[in-house]
Structure formats: C-alpha cells, structure tokens
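The structure under discussion appears below in the form of structure tokens.
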Amino acid sequence: MLDIKFIMENSEIVKAACKNKNEQDNVDKIIDLNRMRKIYTAERDELRRQLNEISAEIGEIAKKGGDISSIKVKAKEISEQVKSVEEELSIVEKELDRLVLTVPNIPDSSVPVGFSEDDNKTIRIIGEPQKFDFVPKNHIQLNEKLHLFELERAAKITGSFFPLFTGKGAKLVRSLVNFMLDIHTADGKYYEIFPPFLVNRDSMLGTAQLPKLEEDMYRVEQEDYFLIPTGEVPMTNLYRGEKLSEDDLPIYYCGYSACFRREAGSYGKDTKGLMRLHQFDKVELVKIVHPDNSYDELEGLLHDAEKILDLLGIHYRVRVLCTGDLTFASAKTYDIEIWAPGTEKWLEVSSVSNLTDFQARRMNTRFRSSKDNKLHYVHTLNGSGVAIPRLIISLLETYQNSDGAIEIPEILQDYFGAEKIE
RNA sequence: GGAGGGCUAGUCUAAUUGGUAAGGCAGCGGACUUGAAAUCCGCCGGGUGAUAAGCCCUUCGGGGUUCGAAUCCCCGGCCCUCCGCCA
C-alpha cells in the first residue's frame with residue numbers, strides 16, 4: 001500500500017507505475033474520493049466539536065441539578081447530523097480503502113521498463129553448464145530407475161501436482177532443508193523460524209497476497225485461514241501492528257516451510273515432473289530493515305541465496321526483473337535461475353525482492369527513529385534460499401552419471417549420509 | 001466442545017458504577033556535576049496544522065443504546081485458568 005499523500009502529490013509517477021506493471025489505474029478515482037473524504041471529515045469534525053461542547057455543558061448543568069430537557073433537544077439534533085455525515089463518510093472511506101489496496105508499489109528507478117519476462121535482464125551467469133560424454137537424461141527419466149518420487153500415487157492420495165518423495169528422495173529433501181538452514185544460521189546471521197503453515201486473512205493482506213491473488217490461494221473456509229504460498233507470509237507478518245525500537249533493526253529470519261499454490265491459470269505450463277507443484281518445500285529468508293539501507297540489504301540477501309548454489313556447484317544466472325514482470329508489492333526483484341541440463345531449461349528457484357515500505361504500511365509495522373523521535377515504516381525484503389523441488393531437478397540432472405546414478409555434492413554428503421544415489 | 005477471568009498508548013497500572021483517558025517505569029532532550037548516579041525541568045498514541053495554537057480521532061475489532069460510553073447491551077477476535085475430548 002502506498003501513502004495516500006504520496007498518491008495525491010505524485011499522481012503521474014503512480015500512474016506510470018500502474019502502466020509499467022500492467023496493473024489497473026485507479027489513481028483518478030482515488031484522488032476524487034480523497035477530496036470528498038477531506039470535505040466530509042472537516043464537516044464531521046466541526047459537528048463533533050459542537051456536540052462535545054454541548055455535551056460538556058449538559059454535564060455541568062446536570063451536576064448542578066438544572067433543567068436539561070431543552071438543551072438535550074438541540075444536542076440530539078446535532079448528534080443526528082453527525083450520524084448522517086458519518087454515513088456518507090464511511091461509504092467514501094470504504095471505497096477509498098478498497099481502491100488504495102489495488103495500487104501497486106512503485107518500481108525502483110534502476111528497474112528496466114518492460115512488459116514480459118523477455119525484457120528481464122541477465123546481470124550475471126555463474127559457472128558453466130555441466131559437460132557430458134553421453135546424452136543426459138531429465139529428472140523424470142532418471143527417476144524411473146532411482147524411485148525418488150512417485151507422482152501417480154501422490155495424485156491418488158491428493159491430486160495431480162502434489163509430490164510424494166520416497167526413500168532416498170525423501171532423505172534428499174530433508175538433507176537439503178537442514179543444509180540450507182545451517183548455512184543461513186551460521187554465525188547467528190539469520191534467526192531460525194519454524195512458522196505456522198496456515199495464516200489468517202490479515203496476514204495475507206499484510207504481505208499483499210490479498211486482495212489480488214485470492215484465486216491462487218488455498219483457503220480453509222471454516223476459519224477463513226489460508227495455506228501459505230510462501231514462508232514470506234508468516235515470517236514478514238511477525239511484527240504486524242507493532243512498533244519496534246531502532247535498535248531492533250535489522251532483523252534477519254530464515255525458516256523452512258511447505259508452500260501451497262493453486263497455480264490457477266498456469267495449467268499446461270511446465271507440467272512435467274517436479275517443475276510446478278501445488279505443494280513444495282522451501283527455505284525462506286526475510287529481512288526487516290531500516291529504510292535508509294534496504295537496497296544494500298537487497299544485494300546482501302541476493303548473495304546469501306546464491307551462496308547455496310555456489311556451495312552445491314550449480315550453474316545459475318541472476319536476472320533483474322523488468323517492471324512488467326515485477327510482482328504487485330515489489331519495488332525491485334532479482335530472480336535466480338538454475339540450469340537443468342537434462343530438461344535444458346533455466347528454472348527459477350528464488351525471487352529476491354525489496355518491498356520497501358509497501359508491506360510495512362499495510363501491516364503497520366513501524367520503528368521509532370532516534371533522529372526525530374517519530375515513527376517510520378520499516379522496509380521488508382524476502383527471498384528464497386532456495387526452493388527445493390527445482391533444485392532437486394537440477395542436482396539430479398547435473399550430477400548424473402552415464403549409468404543413471406547421481407553423485408552427491410561433497411558439502412551435502414554428511415547431511416545425506418551417502419556419496420551417491422544409485 | 002463447556003465454564004470462568006481478562007484485553008487501556010513501548011510497558012505496567014488507574015478512572016468517583018455513564019461526564020469526555022490520571023499516573024509509574026522505560027526512552028529522548030536539557031539543567032546541575034570533573035564524569036556518573038541521584039535530583040529537577042521539558043518531551044514521550046495517531047491525524048491535520050508549521051515540531052505552533054486550535055480541532056478531531058484513539059481504551060482488542062465491529063455494531064447498538066445515550067446529549068455524552070473504557071464503563072451498559074449485541075456480534076466477533078485473541079490471551080489465561082479449569083473441565084471434557086484428542087496426537
């Protein structure tokens with residue numbers, strides 16, 4: 001959510017952001033409604049002032065035992081006027097609140113303008129594609145022999161695109177979770193969180209999955225709870241509605257969570273194997289920081305996510321997303337994509353974003369600045385470190401041998417308890 | 001699921017049974033001091049003003065009664081205790 005004052009004073013910038021992000025532009029409506037809101041508010045305040053005055057008078061007279069019947073008639077009249085103005089005001093405010101939630105965050109000036117993922121820019125490529133002296137298999141072909149996951153049986157239990165890892169596959173997932181958490185929490189850099197996987201509606205509004213993406217979320221109707229689409233939601237909402245001390249910042253969290261996405265509208269895209277799932281595991285990184293250095297924190301977060309891939313020896317590239325591919329709440333996002341040599345595709349395993357004060361304003365998370373002793377919104381950032389099923393695709397395809405066995409990267413061997421899967 | 005208790009500003013804690021939110025602590029600024037502690041003065045929920053005055057809002061959220069609600073009524077949320085059920 002943007003500051004309504006900012007929208008009023010920078011309407012052209014906000015309109016440009018709507019256009020560049022392919023979001024609907026409600027700016028003019030918002031400006032009109034806000035003007036009406038100010039008029040009604042002024043009217044309400046004046047009436048209320050009169051009412052407060054006359055009520056105090058009634059109190060005085062009553063205390064002295066005087067007659068208050070005639071003055072009460074007048075007070076009643078004003079009271080009713082207040083009510084009628086408030087009714088008008090609340091209609092305006094409701095609509096205004098609804099529309100303000102539809103305005104996207106403003107992209108940072110360093111973000112390239114563009115309309116689709118084709119306009120994203122690769123800023124670095126790390127490592128080389130694995131070379132094979134045989135034709136590499138994709139992870140589905142490899143799995144025929146290895147039995148690391150069973151998608152048909154999973155579909156029987158739940159439905160298609162829910163994974164079921166078995167045997168060494170299940171252990172691989174577990175060892176990756178432990179490995180990544182250990183790396184991120186080393187030296188106490190990130191504080192480990194194990195969050196709830198169900199959150200309430202306020203949390204979903206706070207991180208801006210709602211109202212826009214309700215169709216993509218699994219919802220528990222009885223309680224109006226939502227299955228989290230990412231650990232970002234519970235972890236960023238930890239301080240919703242709270243006032244922090246400046247000394248509390250920066251806050252670094254990492255945590256494992258399962259993630260649930262309906263992926264409505266994406267059927268037919270990347271439907272093979274573990275490419276796109278309704279449920280997947282992920283280690284998430286979240287930062288709550290001082291607004292002065294959130295872009296430095298973004299670079300740091302990106303490197304922390306990349307570190308996992310460096311250590312595993314995975315070939316990857318980092319892309320900066322163009323305005324059109326940026327999510328609603330993000331001011332700047334880097335995608336990390338890893339190479340899957342059997343599938344011959346780049347797979348997104350992490351989106352690292354600076355949400356600036358956009359989520360903080362929705363969540364009402366502020367800190368008291370020592371400079372002016374006033375409350376300011378924090379900046380929030382998040383990124384995966386990293387998503388597991390796609391990482392498994394790349395690991396299997398990268399480290400396969402001609403006989404279909406998989407070499408486990410050295411750093412993972414202690415966690416996995418073996419040097420090979422065969 | 002049942003019974004009871006509770007929710008007031010960063011935190012703790014009041015408000016004459018309906019009269020318009022009082023204080024303590026912490027924090028910030030200043031005075032005193034060689035320095036610190038103690039003490040004293042000021043600031044210390046939000047909005048709009050200009051860091052003014054003034055005004056308005058704010059007692060978990062939403063409704064209602066009333067001239068006037070922290071207080072009374074209704075609906076909902078969360079926390080605590082006990083009972084029941086349960087991995």
Inset, instruction - Could you check the simple spin-label distance between A:Tyr218 and A:Asn22, using points 7 Å along Cα→Cβ, in nm with one decimal? - result: 2.7
Inset, instruction - Report, in degrees rounded to the nearest 10, the 0 to 90 angle that the Cα long axis of helix A:294-312 makes with the longest principal axis of chain A. - result: 20
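How far, in nm, would the chain grow between A:Leu238 and A:Glu57 when pulled straight, counting 0.36 nm per residue and subtracting the alpha carbon separation?
60.5 nm
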Legend entry - Area of A:Asp108 that stays accessible when all protein chains are in place (1.4 Å probe, Å², to 10): 40
Legend entry - Nearest-20 debye value, the range A:117-421 charge dipole, Cβ charges on Lys, Arg, Asp, Glu: 500
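Which residues make up the longest stretch of chain A clear of trypsin sites (Lys or Arg not before Pro) that lie in a DSSP loop with no more than 12 other Cβ atoms within 10 Å, not counting the sites?
Values: sites that count: A:Lys131, A:Lys269, A:Lys371, A:Lys374.
Maximal segment without exposed cleavage sites: A:132-268.
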Inset, instruction - Quick one: compute the contact order of chain A, relative version, from alpha carbon pairs under 8 angstrom and 6+ residues apart, as a percent. - result: 20
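Given the pairs A:Lys21/A:Lys374; A:Lys145/A:Lys307; A:Lys282/A:Lys345; A:Lys29/A:Lys374; A:Lys243/A:Lys332; A:Lys189/A:Lys332, which are separated by over 29 angstrom at their Cα positions?
On the way: A:Lys21/A:Lys374 33 Å; A:Lys145/A:Lys307 31 Å; A:Lys282/A:Lys345 20 Å; A:Lys29/A:Lys374 31 Å; A:Lys243/A:Lys332 25 Å; A:Lys189/A:Lys332 23 Å.
Beyond 29 Å: A:Lys21/A:Lys374; A:Lys145/A:Lys307; A:Lys29/A:Lys374.
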Inset, instruction - Using only protein heavy atoms and a 1.4 Å probe, report how much of A:His290 is accessible, in Å² to the nearest 10. - result: 40
Legend entry - For A:Thr122, solvent-accessible area (1.4 Å; no DNA, RNA or ligand), Å²: 60
Legend entry - Karplus 3J(HN,Hα) series, Hz, for the range A:408-422 with 6.51 cos²θ - 1.76 cosθ + 1.60 (x for Gly, Pro): 8, x, 4, 5, 8, 4, 4, 5, 7, x, 7, 9, 8, 10, 8
Inset, instruction - Please give the helix A:168-185 orientation as an angle from the longest Cα principal axis of chain A, in degrees from 0 to 90, rounded to the nearest 10. - result: 60
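Quick check: from the Cα gyration tensor, does the range A:216-321 come out rounded (a/c under 1.5), prolate or oblate? Each step should come with its number before you reach the end.
On the way: a/c = 2.39, a/b = 1.19, b/c = 2.01.
Here the range A:216-321 falls in the oblate category.
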Inset, instruction - Choose one answer from A:Glu150, A:Glu215, A:Glu223: the residue with the largest mean-square fluctuation in a GNM of chain A with alpha-carbon springs under 10 Å. - result: A:Glu223
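Sort A:Phe280, A:Phe367, A:Phe194 by heavy-atom solvent-accessible area, probe 1.4 angstrom, most to least. Can you show the working numbers first?
Numbers: A:Phe280 30, A:Phe367 0, A:Phe194 155 Å².
Output order, biggest surface exposure first: A:Phe194, A:Phe280, A:Phe367.
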Inset, instruction - Relative to the longest principal axis of the C-alpha atoms of chain A, give the angle of the C-alpha long axis of helix A:388-398, reported between 0 and 90° and rounded to the nearest 10°. - result: 20
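Can you tell me the accessible area per residue over chain A, all protein chains present, probe 1.4 angstrom, in square angstrom?
The answer is 49 Å² per residue.
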Inset, instruction - Calculate, for A:Ser84 and A:Ile31, the FRET efficiency according to 1/(1 + (r/R0)^6) with r their C-beta to C-beta distance and R0 22 Å; round to the nearest 0.05. - result: 0.30
Legend entry - Rg over Rh, two decimals, chain A (C-alpha only, Kirkwood Rh): 1.10
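For the range A:136-283, what class follows from the C-alpha gyration tensor (a ≥ b ≥ c being the square roots of its eigenvalues): rounded when a/c is under 1.5, otherwise prolate if a/b is larger than b/c, else oblate?
oblate
Provide A:Asp67, A:Asp304, A:Asp202 ordered by accessible surface of protein heavy atoms (probe 1.4 Å), highest first.
Per-residue accessible area, sorted high to low, gives A:Asp67, A:Asp202, A:Asp304.
Over the range A:4-100, what is the relative contact order in percent, taking alpha-carbon pairs closer than 8 angstrom and at least six residues apart? Write out the running numbers ahead of the final one.
Values: 51 pairs, mean separation 35.5, N = 97.
Relative contact order of the range A:4-100: 37 percent.
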Inset, instruction - Working with all protein chains in place, sort A:His376, A:His147, A:His278 by solvent-accessible area computed with a 1.4 Å probe, largest first. - result: A:His147, A:His376, A:His278
Inset, instruction - Please work out the FRET efficiency for the pair A:Asn373 and A:Ala155, using the Cβ-Cβ distance as r and a Förster radius of 56 Å; give the result to the nearest 0.05. - result: 0.45
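The values are calculated or read from the model by the stated rules, or taken from the named source; none is laboratory data. Here the structure is a predicted model, which is why all the values come from computation and not from measurement. Cβ sites come from the backbone with ideal geometry, for glycine too, and all protein chains shown count toward neighbours. Note: areas computed on protein heavy atoms with side chains; ligands, DNA, RNA excluded. Shrake-Rupley method; radii C 1.70, N 1.55, O 1.52, S 1.80 Å.
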